[in-house]
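S.K.: Take a look at the following structure, please.
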Amino acid sequence: MLIALVALGLSAPDYMVQPYYLYPSDQPYHAEYAATAEKVAKDIQAWYLEKTGVTFRLKPLLVKRSPMTYLEMRAGKTPSDEARSDKTKMPFWWEGVERAIGVWKAKEVTWVFAQGGGGYAAANLIGDYAGIGMFGDWVLEPISGVREPAAITADMATWQVKGGVPMGTTAHELGHAFGVHHPDEYPGKSIMRWHGDYPDTGFLPHEILILKNSPFFVKDAFDARAPWLDFENQDAMRWGERVTLRGRGFAKGDTIEIVTVDGTRTLVPSEVSAGAVVVTIPEGVGPGFVRSRRGALRGNGVPVNFYPPKAPGK
């Protein structure tokens, strides 16, 4: 891995994907699950390269035993009677995984193969490029062929454990951890729309554009001296909409760029403060990302789906 990083001209500590195999304190460790997670991570890394022409940097798998029991991970310290009697109830699972792994790290995607997670799958990109993606038994069991009876087994599922869905789930959630959204109103076949076609699917052109401008995939994706845009800004915007973009370090003279596969549109904010700018979304822009601009300095890219105005009455 270090040799590959040197070849790419990238530094080892920053912008890496860290896979975990996580299991509750009262369930057994499965060596087959660890081997499966390690293999899947490498296979998905290669698949991203095939589909986009670039790929992410991968750390070695870490195995983590949660300090919490399965019930605590699912339902917290004071579980409801319903959660006690039905192990498919998982109101605390996201928090349970976070507490087991630790604080989500900046400049790192935490990619968790979580024993006991059943069909739970979720991901997000927050903060300073802290990406999170997680999924459970309905990935681990069908791919490894090993069942953990104390968990949420595959016999509780249908389509979720068939065909390309288990592997596709890992690639799909990883896409969200990189900041890519569902392409809700855009045509075309994409892993971000439907993951059951894995490996015979890929990414839409604007999704590839986003990945090729992500520091997880390329060196010098943005300049740290430019104003910062928060990933918590809204992820869908409509033409003609007046939008407040929040972040830090803005000053008079800064502009906002909308970058799409058709080119770049430069917007002059109507209002500027240190923590936000206000812009109006122009007509005709397709999906892509927004970033700040200060002269030659390019800010971080925040993916956004752009749509026409809603029809009256909708």
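Readers should treat all values here as calculations from the given coordinates under stated rules, not as data from a laboratory. Remember, predicted model here, so these are calculated numbers, not experimental data. Cβ atoms come from the backbone with ideal geometry, glycine included; neighbour counts cover every protein chain shown.
S.K.: Along the positive direction of the dipole of the chain (beta-carbon charges: Lys, Arg +1; Asp, Glu -1; about the Cα centre), which of TRP93, THR244, ILE210 reaches farthest?
M.R.: The listed residue farthest towards the positive side: THR244.
S.K.: Related question: Answer with one residue from GLN234, VAL272, VAL261: the one whose Cα lies farthest towards the positive end of the charge dipole of segment 228-307, charges on Cβ with Lys, Arg +1 and Asp, Glu -1.
M.R.: VAL272
S.K.: Another question, then. Which lysines, on any chain, are close to LYS77 with Cα under 24 Å apart, when same-chain ones fewer than 8 places away are left out?
M.R.: Cα-Cα hits under 24 Å: LYS64, LYS87, LYS89.
S.K.: Leaving out same-chain residues fewer than 8 places away, which lysines sit with a Cα under 16 Å from that of LYS39?
M.R.: Of all the lysines, those that pass the test against LYS39 - Cα under 16 Å, at least 8 places apart if same chain - are LYS59.
S.K.: Determine ³J(HN,Hα), in whole Hz, for all residues of segment 70-78 in sequence, where each value follows from phi through the Karplus function 6.51 cos²θ - 1.76 cosθ + 1.60 and θ = phi - 60°; x replaces Gly and Pro.
M.R.: With the stated coefficients, segment 70-78 comes to 4, 4, 5, 5, 6, 10, x, 5, 10 Hz.
S.K.: Between MET237, MET156, MET192, where does the largest GNM mean-square fluctuation fall for the chain, given springs only between Cα atoms within less than 10 Å?
M.R.: The residue with the greatest mean-square fluctuation here is MET156.
S.K.: I've got another one for you. For the chain, compute Rg over Rh where Rg is the Cα radius of gyration and Rh is the Kirkwood radius from the inverse mean 1/r over Cα pairs.
M.R.: Looking at the chain, the ratio lands at 1.00.
S.K.: Kindly put THR280, THR169, THR78 in sequence by how many other C-beta atoms sit within 10 Å of each C-beta, fewest to most.
M.R.: THR78, THR280, THR169
S.K.: Sort ASP14, ASP254 by Cβ crowding within 10 Å, fewest neighbours at the top.
M.R.: With the sparsest Cβ surroundings first, the list reads ASP14, ASP254.
S.K.: Once phi is turned into θ = phi - 60°, what whole-Hz ³J(HN,Hα) does the Karplus curve with 6.51, -1.76 and 1.60 give for every residue of segment 225-235, x standing for Gly and Pro?
M.R.: Coupling constants for segment 225-235: 7, 7, x, 9, 10, 6, 6, 7, 4, 4, 9 Hz.
S.K.: Rounded to the nearest 500, what is the chain's calculated 222 nm mean residue ellipticity when only DSSP H runs of at least 4 contribute -39500 (n - 2.57) each, over all residues?
M.R.: -7000 deg cm²/dmol
S.K.: Can you give me the Kirkwood hydrodynamic radius for segment 228-307, using every pair of distinct Cα atoms, in Å to one decimal?
M.R.: 12.3
S.K.: Something else about it: For the chain, list the DSSP H helices whose alpha carbon atoms reach 18 Å or more along the long axis and whose average Kyte-Doolittle value is -1.0 or above?
M.R.: Once both thresholds are applied, what remains is 31-52.
S.K.: Cut-off is 10 Å between beta-carbons; in what order do LEU245, LEU61 appear when sorted fewest neighbours first?
M.R.: By the 10 Å Cβ count, ascending: LEU61, LEU245.
S.K.: Also: With +1 on the Cβ of every Lys and Arg and -1 on the Cβ of every Asp and Glu, and nothing else charged, how large is the dipole of the chain about its Cα centre, in debye rounded to the nearest 20?
M.R.: About 700 debye.
S.K.: Can you tell which of LEU71, VAL54, GLY168 lies farthest toward the positive end of the dipole of the chain, using +1 and -1 charges on the Cβ of basic and acidic side chains (Lys, Arg; Asp, Glu)?
M.R.: Value computed over the given set: VAL54.
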